Each structure stands twice: as C-alpha cells, then as structure tokens.
Amino acid sequence: MKTPRYLVNHLYTADPSAHVFNGKLYIYPSHDIESGIPENDNGDHFDMRDYHVFSMDDINGEVTDHGVALDVKNIPWAGRQLWAPDAAQKDGKYYLYFPLKDQNDIFRIGVAVSDRPEGPFIPQSDPIKGSHSIDPAVLEDNDGKYYMYFGGLWGGQLQRYRNNKAIENPHEPADNDSALCAKVAKLSDNMLEYAEEPRDVVILDENGQPLKAGDHDRRYFEGPWMHKYQGKYYFSYSTGNTHKLCYAVGDNPYGPFTYKGVILTPVVGWTTHHSIAEFKGKWYLFHHDSVPSGGKTWLRSIKVVELEYNADGTIKTIDGGGK
Ligand code: FUB
C-alpha cells in the first residue's frame, strides 16, 4: 500500500497515534466535532470532548471503533479542549495521555488508566504534576524506560514557558535566536508522573547549530513523535504554519537530533499531525487531512500510508496532496 487510505468515515478524527499492542494495531486519535466556534490562531475551534479508540487486525482490514474511551465530563480537573492523545502499555495496564485545558484555560497533560488497550480509561484526579502545553507522545525504549515528548506553539501555549516555568510576557524568540524546542521527560515507574524535569529536544542543522526560530520550514511547532529504526532515534514533528511533517535523527532519546528532511508535504487543511509504527514487518505513517469535510480545518479524517526508507536510513518523502 503506497496510496494513503482513509481509515474511518463515520466520525471526523485527527492526530492518530498508532501502537501495536498484543499483535493488534490500536489507534488513539482526536475526535473532531463541529463546535460552531470561529476559526482562530488560538485553536479555539478545536473544541473536542471525547476520544474513541480504533483497532485493526490487518492494515488493509476493517477498523473497529471501540466507542467512547474517555469523556471530558469525567475528568475532574477539566476545562476544555481534548487535543492529540497518545497511549502506552506497561505491565498489563494501558495509559492514555491527553492534553486538556484546566479551569484556568492552561493546557496540562493528563493520564487515564485502563486494563484494556481500548479503554474505557479512568482519569487521574489531577494532571501530571508540572505538566504544560500539548501533544504528548510516549516512546517505550528497548531498555524498558518510557519517555514522553510534548509541546506545541501558538494555541498549544509553548511560547508561554522558558525552562518549564511560565513567563510574564509570552512570546516566541526573535528569528535569529534558537527556536523553541519540544520537551522530553522520562516517566516515573508508575507511568503517572515525570521522573525528571523536562529537557529541550534540540534539533541541529547541517552545521551542528540549533535550528533558528525564524526557520519556519524546519523548526519544531507541534505534534512530536519518536520511533526507532535500525538503532537510531527518529524524532518527527509538524512545522505548523508551513504545514510539513519533518524528521531529525539522533543516537539517544534525549538528542540532540540532526535535521534530515520532510516526511509528508502539506495536506489539505491547516494542521498536520502523525505517528509512525511498524506492523507485521512494514512501516506506516498515520496522519490526517481535511479533504472529506471539504477543507474544514477543524473536521479532519485519519489516513494511513506505507512509509519507506532509503538504504541510508533516510525516509522517502510522501506527497500530502495539499499546497
Ligand atoms: O487536534 C488539535 C491540535 O491540532 C493538536 O493537538 C495539534 O497537534 C494539531 O493537530
């Protein structure tokens, strides 16, 4: 399969995080709805209220919708906006990580727990201590350690922080300064907390210099994902306002990572957000676009396409079909 295919058409879904648990493929997407809130740079129109989990036995087979796995009305600390989630498995338990604004309209990252990969998930009573911003993505490394990557600019509020502390006048750095970075933190043994202060995920250019804030074609914006291929760590992400999915490669989960190129050119819609998973010996890119809704940026549909590597470990660029 090299032509992207839509996975479901009975719901609008986005931000698909795919994992293989117990030999089956599970997808943890956002569930887009028509909220009636006008589109703005703060992303208020992405006013999602629950998650559904999907599973597949085969990449070309049927997609099972397991129904509502977590509802905002059951999250004790909830304000609004359930954005892009991810999941992890440890010792027979499943953890759903999700960004949500608290009652002060500040994005935090929450955890909900289940005995089953498809949920339902029971939310913890508070967000992860010290968490901020959006888009959690969890790597289970081969040594049994788990790392959470997160962060998003603009509506994702990353520009409100420096060194994990809120600043008085939220702003992005000047174009010639180093770009803001995604963050990474090792998770605690119980999977419910950060085991350390989140660190910067630094992306270097071809000269070994951190990407600049003005380098909108390559700098990190949101939607982090980490996968391992042939022993290397592939950090991939969205460039936001230039609408690309890019990647950078490093030797360990913390980086630094060296910029390598574009995985997916822009799609129809504004956001682009993905995950990468190996299933039955092939690699796949899960992503979304807004074609089925006629281009409504807040009503997206998830897709899958095979991902191919060149012999040197670089990824072959896929055409997203947008401009
Ligand atoms: O789905 C809401 C937000 O849009 C996600 O959290 C971002 O990554 C972007 O896809």
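Values computed for the structure shown
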quantity: Nitroxide proxy distance, nm - points 7 Å out along Cα→Cβ at A311 and D57; calculated: 3.9
quantity: Amide H partners (placed H, <5 Å) of K244, local residues excluded; calculated: T239
quantity: Links that overshoot a 24 Å alpha carbon limit, given the list K260/K282; K93/K303; K244/K303; K90/K303; calculated: K93/K303; K90/K303
quantity: Percent antiparallel among DSSP beta bridges (both partners in the chain, rounded to 5); calculated: 95
quantity: Spacing of the two label points (7 Å from each Cα toward its C-beta) at D126 and N176, in nm; calculated: 4.4
quantity: Residue (of Y309, G240, W83) at the positive-pole extreme of the chain, dipole from beta-carbon charges; calculated: Y309
quantity: Average accessible area per residue (Å²) across region 185-259 - probe 1.4 Å, nucleic acids and ligands excluded; calculated: 38
quantity: Gyration tensor verdict on region 208-289 (Cα atoms; rounded if a/c is under 1.5, prolate if a/b is larger than b/c, oblate otherwise); calculated: oblate
quantity: Estimated inter-spin distance, I33 and E278, nm [label 7 Å along Cα→Cβ]; calculated: 3.9
quantity: Burial ranking of peptide ranges 259-265, 100-106 (average Cβ count within 10 Å, highest at the top); calculated: 259-265, 100-106
quantity: Column: log10 I(q)/I(0), Debye, Cα scatterers of region 264-314, q = 0.14, 0.30 Å⁻¹; calculated: -0.42, -1.11
quantity: Stretch gain in nm, segment D44-K323, where the contour uses 0.36 nm per residue and the Cα spacing is subtracted; calculated: 98.1 nm
quantity: Selected from A166, A137, A277 as most flexible by GNM, with the chain as the system and alpha-carbon contacts under 10 Å; calculated: A166
quantity: For the chain, Kirkwood radius (reciprocal of mean inverse C-alpha pair distance, Å); calculated: 19.4
quantity: Exposure ranking of K244, K323 by accessible area [1.4 Å probe, largest first]; calculated: K323, K244
quantity: Nearest-10 value in Å² for the accessible area of W298, using the 1.4 Å probe; calculated: 50
quantity: Accessible surface of the chain, 1.4 Å probe, proportion on carbon and sulfur as whole %; calculated: 45
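The values are calculated or read from the model by the stated rules, or taken from the named source; none is laboratory data. The shown structure was predicted, so the numbers you read here are calculated from the model rather than taken from an experiment. Because the Cβ atoms are built from the backbone with ideal geometry, glycine has one as well, and the counts that use them run over all protein chains shown. When the accessible area is computed, the model is the full protein with side chains, heavy atoms only, and any ligands, DNA or RNA have been set aside. Shrake-Rupley method; radii C 1.70, N 1.55, O 1.52, S 1.80 Å.
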